[in-house]
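What follows is calculated from the coordinates using simple rules that are stated; it is not laboratory data. What you are looking at is a predicted structure, and each value in this text was computed from that prediction instead of being measured. Because the Cβ atoms are built from the backbone with ideal geometry, glycine has one as well, and the counts that use them run over all protein chains shown.
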Amino acid sequence: MKKLIAIIAVVVCMAAVQVQAFIEGPEITVNLNGEKMAFDAQPFIENDRTLVPMRAIFEGVGARVEWDSDTQTAIAVREKDGAVICIAIQADSPTAFVNENAKTLDTAAKIVDNRTFVPLRFVVEELGENVEWNQSTYTVDITTK
């Protein structure tokens, strides 16, 4: 009887883990030049777009980051090969600004549990880098030029 109860408990625990993984979605891996990036909050998918913690992704590709808490706007500045790229992206806004040019976002940046998440492909490509998505492994590969 004790074995049966133990087996049932293990099965229930395994099912709970599977349900939690389904609710939260699959784990997303982000590699930068072949190295797995570490985030203080888990990236997630919304509207078929991968959102990642803004500071980690901006700093990972060499941008300086500022946060304006009054307007909930992240500002990233990157200088590369003599060119300066500035991205301003505001939480819950469908518009970002790249060097003062308005760009429409498929998915707005958002604040979740006091972390600002930004659409990965948009910000990385606007900073001039390559992004590849592997649907079968939920892996993003970023390659800097």
Rounded to whole Å, give me the distance from the Cα center of segment 84-100 to that of segment 106-145. 14
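Can you tally the net charge around Lys36? Count Lys and Arg as +1, Asp and Glu as -1, for every other residue whose Cβ sits under 12 Å from the Cβ of Lys36. Intermediate results must be reported in sequence, preceding the final value.
Working: positive: none; negative: Glu27, Glu35, Asp141.
My count for the surroundings of Lys36 gives -3.
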So for Thr95, Thr73, fewest C-beta neighbours within 10 Å to most, what's the order? Thr95, Thr73
Let me know the Rg and Dmax you get for segment 45-145 when you use only its Cα atoms, in Å. 12.9, 40
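Suppose the chain between Ala41 and Thr71 were pulled fully straight at 0.36 nm per residue; how much longer would it get relative to their current alpha carbon spacing?
On the way: separation 30, 0.36 × 30 = 10.80 nm, distance 2.19 nm.
Answer, rounded to one decimal: 8.6 nm.
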Which residues among segment 41-60 fall inside the zone where the amide N is under 16 Å from a point 7 Å beyond the Cα of Glu27, along Cα→Cβ? 41-45
Treat the count of other C-beta atoms within 10 Å as a stand-in for reagent exposure and order Leu105, Leu51, Leu127 from fewest to most. Leu105, Leu127, Leu51
